[in-house]
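Written below as structure tokens is the structure these notes are about.
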């Protein structure tokens, strides 16, 4: 019964699959131990942060454009009172603020290939059992050579023992 194990983590499933094929040629029994779920919360929070910044930024730009448009319309129409000028500036500023901010948000939501929404391959851990510590160390070195980001050799964890 094997007493030692090697646990190697590969950055993505493509590299792990390639390593499995290489190691299968040397007749080793290797199992996929974990396929960690991608960190969706981190990706979604980055997207929401970017979403808010884009909407706020474009809303400010829209407010400035609307205020300038309000001043222009007030001057062209010939509004002479202060209240009329303020009403034109505030009305157009609010309108452009909402319109441009809303469209910036809609356009960002339709960008399905944005860096925050693009699917990524999660890291994959491979686990192999070995009869001797020397064999497990040799296998760990071989897995490192095949692209593992980490490979640890040691005694089998109690959770794997029957």
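Can you confirm whether region 50-66 contains a residue that is modelled with pLDDT under 90 and part of a helix (DSSP H, G or I)?
Looking for residues that are modelled with pLDDT under 90 and part of a helix (DSSP H, G or I), one finds at least one in region 50-66, hence yes.
Mind counting the residues in region 47-91 that are surrounded by 14 or more Cβ atoms within 10 Å (Cβ to Cβ) and within 22 Å of the chain's Cα centre (by Cα)?
5
Kindly indicate whether any position in region 36-45 is out of contact with any helix residue (DSSP H, G or I) (no Cβ under 7 Å at 6 or more places or on another chain) and at pLDDT 80 or above.
There is at least one residue in region 36-45 that is out of contact with any helix residue (DSSP H, G or I) (no Cβ under 7 Å at 6 or more places or on another chain) and at pLDDT 80 or above.
Any residue at all in region 132-155 that is at pLDDT below 70 and either assigned to a strand (DSSP E or B) or closer than 16 Å to residue 20 by Cβ (or both)?
no
Taking the residues in region 1-25 that are closer than 18 Å to residue 133 by Cα and in a loop (DSSP other than H, G, I, E, B) as candidates, determine which candidate is modelled with the highest pLDDT.
Of everything passing the filter in region 1-25, 3 is modelled with the highest pLDDT.
The values are calculated or read from the model by the stated rules, or taken from the named source; none is laboratory data. No experiment lies behind these values; they were computed from the predicted model shown. FYI the Cβ positions are ideal-geometry reconstructions off the backbone, even for glycines, and counts take in every protein chain you see.
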